[in-house]
Structures are given as structure tokens and as C-alpha cells.
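Take a look at the structure below.
Each reported figure results from applying straightforward, stated rules to the coordinates on display, with no laboratory input. Fair warning: this is a prediction, and the values are worked out from it, not measured in the lab. Because the Cβ atoms are built from the backbone with ideal geometry, glycine has one as well, and the counts that use them run over all protein chains shown.
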Amino acid sequence: MKYNIDLHVHSVASQHAYSTIEEIARQANKKGIKAFAITDHGPNAPDAPYRYYFSNLRVIPNYIDGVRIYKGIEANIISEKGEIDLGDNDLNKLDIVLAAFHKNTGYNHETYDKNTNAVINGIKSGKIDVLAHMGHPLFQLNYELAVKTAKEYNTAIEINNSSFTGSRKGGEKNCHEIIKLAKKYGCFISLGSDSHISFCVGELFESIKLIEQYDYDQNLIINQSMEFLENFLKNRKKVK
Ligand SMILES: [Zn+2]
Ligand SMILES: [Zn+2]
């Protein structure tokens, strides 16, 4: 199957990224990418936009250059209670909410148990559609428990392309462990490039290689079509 929806993309609003949404859409169109989610870093990250950025995303058209733009965030998980760094009013305006651990967000790489609780409680809060790059080597946790809970609450697990191309060094083997567990429990999977410049939008080669290597059920990949993705997100919202 060809995956031409990218669910993890940063714009210039994250200060270590280099392209505007319009530039990303133009490249996406050139590459045959049908849709992408703009998922800039949540306000607690040092290089993140102020929260108004997220509440105002509705001004961005749904289509630019024929490419569907989903408005989202890559929020930070910031406490053992599973809180993330954007309020419900703002979250409710978004199409998709990714969440992950990051450095320098007020939650430092804590103990195995604290990290596990943070992820489990985050999933149970119902606010997280996609757990992003859970294999981050600085934030060790009980993957089996996390994956099991994700399955129970219909939260998707991300396979992040950049985890295989130089980001978060040492996380690769964790990604293998996570995908094996996700397969065991039948979890939804989300594919994201984590691109920080327009030219990288839609680059999902390594993620696709991994799901193919494990012969992952294509019906569980939320990027398989816009229709599937939108239904997945709508159904999740109902139980929130
Ligand atoms: Zn990230
Ligand atoms: Zn990211």
C-alpha cells in the first residue's frame, strides 16, 4: 500500500524547523502527498509557539495546493498524572493531538515507573490521539503496559520515521520492541515523518519498512486513507 498521508510535521512555528505551512503544502503537492498534519511543539517546549498559535489554527485553510491540512499539535506529556501542555478549550479545536516526552519541558526523564504512569494516565485521559515516538531512549517505560492500554483506549502508536534517520539515537531497538507488542495487541499505528523542513514532508520510508518487516495489519494503519483517518478521529472523540 502507498501511504501518502503524513501525520507528524513541524512548521517554522517550532523554532528549530524551517518551512511555512504554505511551503510544506507546495512540496507535498509536488510529491503526491495527499494530506499532512501540522503538529508543532506544545507550549512547554523551549522552541514552541505560544498557546494562541494553536487556538488560531482554524484560520489555515483545510486545503492548500490541493493538499488537506489537518491542524494538530505535538503536545508534551508533563506530569505523572499524564497531563499535557495545552488546555481542553484549545485541544478541542484541533483535528489531531499527538503527545510525547521531550527534554526541557518541565518533565525530565524521570524513573521508569513515573514515565509508565505518565503515559498510561495520558492515554486514559482520552486527550491523546497518537502517542508519538514512545521509544525515546531517555524516557524508559513499560512498553507492554502502555501498548495494552493504548489498545484499550483506541490511542494510536506512532512509528516515527526520524527515529531511524538520526533523531533520538538509541531508540531504534525500542521501536522494534514497541511494534512487536503493538502487533500482539492489535493496536492502531500512525506514521509520521517528524519533518522539520518542507522537503522532508511525507518521508515515511523507514516507518513503512518497519511495518512491512513485521507484516503489520494494514487495516490498523490510521494513515491508510483520509476517510479512515477521519473516522478514527471522530470515533475517538465520541468516547472522550
Ligand atoms: Zn517529538
Ligand atoms: Zn516532532
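Expressed in nm to one decimal, what extension gain is obtained for the pair ARG58 and LYS184 from 0.36 nm per residue of sequence separation less their Cα-Cα distance?
41.6 nm is the gain from fully extending ARG58 to LYS184.
Hey, what do the phi angles of the stretch 91-104 turn into as Karplus ³J(HN,Hα) couplings, whole Hz, using 6.51/-1.76/1.60 and θ = phi - 60°, x for Gly and Pro?
My calculation for the stretch 91-104 gives 4, 5, 7, 8, 7, 8, 10, 9, 9, 7, 8, 9, 6, 6 Hz in order.
For the chain, with only Lys/Arg (+1) and Asp/Glu (-1) charged at the beta-carbon, what is the dipole magnitude about the Cα centre, in debye rounded to 20?
It works out to roughly 420 debye.
Using per-residue counts of other Cβ atoms within 10 Å, averaged over each peptide, order 144-153, 31-40 from highest down.
Descending mean neighbour count gives 31-40, 144-153.
Roughly what would the spin-label model give for GLU22 and ASP217, points 7 Å off Cα along C-beta, in nm?
4.4
What ranking do 13-26, 114-127 get when scored by the average of other Cβ atoms within 10 Å per residue, highest first?
Highest to lowest by the protection proxy: 114-127, 13-26.
Can you work out ³J(HN,Hα) from phi for every residue in the stretch 57-70, in order, using Karplus 6.51 cos²θ - 1.76 cosθ + 1.60 and θ = phi - 60°, giving whole Hz and x for Gly and Pro?
Karplus values, whole Hz, x for Gly and Pro: 4, 4, 5, 6, x, 5, 10, 10, 6, x, 9, 6, 10, 8.
Where in the stretch 27-51 does the amide nitrogen come within less than 17 Å of the point 7 Å from the Cα of ASN108, taken along Cα to Cβ?
It comes to 45-46, nothing else.
Sequence-distant or interchain residues sharing an amide H contact under 5 Å with ILE189, placed H: which?
Amide H neighbours of ILE189, under 5 Å, 5+ apart: ILE157, ILE221, ILE222.
Given a Förster distance of 30 Å, report the FRET efficiency between LYS81 and LYS30 from their Cβ-Cβ distance, rounded to the nearest 0.05.
About 0.10, to the nearest 0.05.
For a quick check: with amide H placed at 1.01 Å from N, whose amide H comes under 5 Å from ALA35's, ignoring anything fewer than 5 positions away on the same chain?
Under 5 Å from the amide H of ALA35 lie the amide H atoms of ASP6, ARG68, each far enough along the sequence or on another chain.
Could you list log10 I(q)/I(0) for the chain at q = 0.07, 0.08 Å⁻¹, which the Debye formula gives when each Cα is one point scatterer?
Here log10 of I(q) over I(0) equals -0.19, -0.25.
Between the stretch 119-190 and the stretch 90-110, what's the alpha-carbon centroid distance in Å?
14
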